[in-house]
Each structure stands twice: as structure tokens, then as C-alpha cells.
1. Can you tell me how many residues within the stretch 387-420 are buried (at least 19 other Cβ atoms within 10 Å of the Cβ) and either among the acidic types (Asp, Glu) or part of a loop (DSSP other than H, G, I, E, B) (or both)?
2. Residue check: is Gln310 in contact (Cβ under 8 Å) with a residue 12 or more places away in the chain and either surrounded by fewer than 19 Cβ atoms within 10 Å (Cβ to Cβ) or on the phi > 0 side of the Ramachandran plot (or both)?
3. Given the structure, is Ser114 over 20 Å from Arg234 (Cβ atoms) and crowded, with 23+ Cβ neighbours inside 10 Å?
4. Taking Pro138, is it surrounded by fewer than 23 Cβ atoms within 10 Å (Cβ to Cβ) and not assigned by TED's automatic domain parsing to the domain that holds Glu183?
5. From (1) modelled with pLDDT of 95 or more; (2) farther than 30 Å from Asp454 by Cα; (3) among the acidic types (Asp, Glu), pick out the condition that doesn't hold for Asp410.
6. May I ask you to list pairs of residues, at least six apart or on different chains, whose Cβ atoms are under 9 Å apart, with the first in the stretch 62-82 being over 18 Å from Ile185 (Cα atoms) and surrounded by fewer than 20 Cβ atoms within 10 Å (Cβ to Cβ) and the second being at pLDDT 95 or above and among the basic types (Lys, Arg)?
7. Given the conditions (1) modelled with pLDDT under 95; (2) buried (at least 21 other Cβ atoms within 10 Å of the Cβ); (3) under 20 Å from Ser337 (Cβ atoms), report the number of the one that Ala303 does not fulfil.
8. Scan (1) at positive phi; (2) buried (at least 21 other Cβ atoms within 10 Å of the Cβ); (3) at pLDDT 95 or above; (4) not aliphatic (A, V, I, L, M) for the single condition Gly150 breaks and write down its number.
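The values are calculated or read from the model by the stated rules, or taken from the named source; none is laboratory data. Model, not experiment: these values are computed from the prediction. Because the Cβ atoms are built from the backbone with ideal geometry, glycine has one as well, and the counts that use them run over all protein chains shown.
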Amino acid sequence: MEKKWWQTAVGYEIYCKSFCDSDGDGIGDLRGVISKLPMLKDLGVTCIWFAPLYVSPQADNGYDVADYEAINPDYGTMEDFKELLDLAHSMGIRVIMDMVLNHSSDEHRWFQESRKSKDNPYRDYYIWRPAKADGSEPNNWGSYFREGNGSAWQWDEVAGEYYLHQYGIKMPDLNWECQALREEIYGMLNRWLDFGIDGFRLDVITRLKKMPGFPDSTKKPEPKLDRNGFVVDRDMCTNVEGIHQIIRELNRRVFGREDCFTMGEGAGVNPTNAPDYILPERQELDSIYHFQLASRKGPRLTAEQFRTVQKSWAKVGEMGGTYIQYLSNHDSQRQVSQHGSDKAYRTRSAQLLGTLMHTTPGIPFIYQGEEIGMVNVRFDSIDDYNCCYTVGPYYAMLDNGFDPATALADVAQTSRDNARTPYQWNAQKNAGFTDGKPWLKVNPRYEEINLEADLAAEDSVFRYYQKLTALRREHPAIVEGNISFLLEEDPNVICYTRVCEKETLLIVANLSEEEVAFKLPESVKGGFSCLLRNVKEGIGLTGENELLAPWECAVFVAE
């Protein structure tokens, strides 16, 4: 069967606000992206995912949408976006847009109408509930952003009721029980496809359905972030029965259009329930990405964890499901800092982590800056941070008795701002991102880590990534081969094969800062030649005991 275009794609996420500023206002924009499309083409990218570009008050950097059908003026115009879209398509690059369907901004016209009166036609577009007899919130659900008193309910004086917001106070949840709302959304999505985009990344798509009756959660609050007893209970709004009916209708009305690619953010999704969302016969989503390898708070990746996660998801792939391979995006830490070695072995560990993502089953997605080995940042003051998940918990910790230094150290490590600092193009002022004052401070290591310096280096992360994307084009085992792990008891070495009818590939990686012994199992017969390695005089698969250098990796093909 002929593969869909996305099954062979190499994806790249652009966080436009931090990518490239063309007009000096300190905010990345579409004309800045247009100027860098040749770089993405050279990298081997075939699909761009844009974080939200829509009109927004930026309470959560665009994930609070005030107009789903207009480009934020900070980024440019619809004409700019059309020019970008046409140019990308001429280069063989598809474009998908982030679509936030769980909530909108409170500045959206729908919400402003909804709050006017109970009989307003837009009232049911959102989730309104009266106060309890004592005037308190409808239940004990907590907000992820923990603003105000920590509740997921906000009283509105004009409406005379509470509205639900799983996230920020300015981000009221949409009511997917309202058919009129659904019709509005179907029309909007289809108009974007008519405009020429190639699909959607669907933000928190598993949370559109809420627990009927809005019961209190029986879970206990997190001690460190307890805010007046309100509880963030994912079971109340994640994978709730009825979610599949909603997504199937979205597919029937929109997503099923030819060549439309959908990628769901799979909050609460695992290898057991993922098939219900992504198997072709389900007619829901084309692919999904999970959080078992990448998250802001997750521990450092281990060889055992990597094997376990990849094996479990490979079973989903064998059933016909498509999933995303990534270690970092706009919501995570920088992967070299979280899972690699961001000082002594920054380049080599960046190359190794890229190898793991580009040689395992699924669709690899690069996050901007990953291809030059960008790292986490540590600002000295909470005032320098922008992320809601950073600022809110910081003050919550202060309210619960933590001293400022301890609170800042705690939230800085997992801040989404680690991934959102401006792209580091060169060693000039503001890393070449802008001639003005950047909306978020540039990582102080930009003079050392930037694209210009990386391209000039003998051991370039970018050029290594180019070779990885070329391998995907040239070696069918990467796209269609089965995966089998070897040396499964080894605490440091990751070793696996990718096998299809046409070829066999072998990948070896040392996920540690120590030199480790390696010997290819006797079960693997035949000779191999090296396709790619990140250490010049690396292992040769001689059949004898060899030493793997710290963070060494290599890709071999059977002769």
C-alpha cells in the first residue's frame, strides 16, 4: 500500500515568537520564518508545525485564541502566511497549524457574547455553572496554572455564574456538548484547509469531554502546590467516555479530507488506549504523540526506559498506528540538558539523542534549536520568566512557606521557558534573533552555541542532523522496518535492529558519560558497514570486545 505523505515526513516545530524577528520589535514573525525556509530545506525538513499564530492576548503565548481565523499582527498578516505557505510548498515542505479546541481566550467574541446573559445564543459555547448555596465554586477542580485561589472555576460578575477553565483564568473551556459550537469549529477548520494548509496539530485533544455532572474529585491536592484544597485531577477531563464520538465526528466533518494530516497531543494516552485514537479503521486521528519519553518534569532518560517505551509503542505500530518520535518541544526542557550532557559532551550527546529519534519507528519531529544543540537556561529572577507553569507554581510555593531561592531553583529546572528562549542564529547581539529587545531573554550561552558557529565546527550538530534526515530518505528500514532490541540487560548501551525485506540496520548508542565495553551478540550474524557515527575512530563491530566512548553512537547496515 502506498504510504501517506506524513508517514515518511521529517517534522519541525516552529515557535514563531522565538524563531526569527524581521522587523526589530523583539518578537519572531512570519517574514522571519520566510527568510529561514532555505535553512529548513537544507536540514531535510518536509513538514512544519507552527505553534499558534492566531490573534491572542498572549496570556499563554497564543494558546489563548481570540480569533481562530486571523493571524496575530505581531507575526504578520494573512498575506504573509499565504506567501510562506506557497513558498514552503514549492520547496516540498508541508505546513500544519496548531489548533486549540479545548479552550479559547476570554477575549474571543464567543465568550464576550456568552457572558452577557443566560439566554444569549453563545451562552452554551462555554461551561457555566451557578455557585453553591454558600457562593463557593461548583466543585473542587483545580487549575493547571493555579492562578487566583487555585480553582478551575472563575466567577464572572456580568454572567452571574462560574465558568470552567482547566488552564488560565483567561482561557475558558469550550463546551463540546453544544452542537452550535461544533458547527462553528467545523466551518473554521475547513476554511483553513481550503486556504491551503496541510493539517493540524491538535492541542490537548483528549480533554474535550468532561466528566458528566462535574463531580468533586476524591484525589488529594499536591502538598507542594496545595491551593485551598483544589485538586488537579486529570481523570475528570482526560479520556472521558464520549471523547471518541467527538473526534470521529471531527474526522467525518473535517479531518477525513484527502491529504489532511492530524497529530493529536495525547495527554493521558498510552500504548493501551492509543489504538482507539489512531488506528486507521477508527477514523479519528492520523497520529499521536505521548509524554513517556519527553516531559518537563521527567527524569533523565535511561537505556531501560528507552527500550521499554519503544517496545510498547512498536506494538501499536504493528497494529497499524502511527506515532510521533520526539524528546523536546515547546512544553519541555531542552533535550540535551534533560537527557544528555549539556557541557562536556553537548555536541556528542545532541547527536546521539537525535540518532535515537530518527532511527526508531514513527515520525520524527525536531524542535527549533535542537538541531544546533541548544540547552536549558537559568535566569536569576522570577521576573525574567514568562511561562505560566513557572510563575504560578513559584508564588504558590512562596505562599506555602518556601524561600524564594528554593522556589526559583525548583521551577527553573522544569520551566517551559527553557525551550522558548530565542533561536540562536549567531554570536552577535541577541544571538541574531532581533535588532530590538527580545520578548524573552536570550540564553547567555548564545556566543558559544549558535547556528553560525555550529556550521563552522568540524563536529556540527546541524550537519549530523542533515545526515539523519538523509538516512530516512535513503533507507526504507527506518520507515517500515520492525524494531528488535539486543543487550537488553545492559544499563548503558542501547542496541537495536531495524529490519525490512530490503535491508537490516543496526544502531548502537552509549547513553552515559562513561566509557563502556561493548560486544555484538553472537545471534547477529554477518558483516556490517557504518552509515553514520558521531565518533571518528568509533567501534567497528569486529566481534571482539570494544569500548564505546561516552555518548558514542553509530548506525550500521548489513552487508
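1. 5
2. It is false that Gln310 is in contact (Cβ under 8 Å) with a residue 12 or more places away in the chain and either surrounded by fewer than 19 Cβ atoms within 10 Å (Cβ to Cβ) or on the phi > 0 side of the Ramachandran plot (or both).
3. Yes: the conditions hold for Ser114.
4. In short, yes.
5. (1)
6. So the pair list comes out as Asp80/Arg31.
7. Failing condition for Ala303: (1).
8. Going through (1) at positive phi; (2) buried (at least 21 other Cβ atoms within 10 Å of the Cβ); (3) at pLDDT 95 or above; (4) not aliphatic (A, V, I, L, M) one by one, Gly150 breaks only (3).
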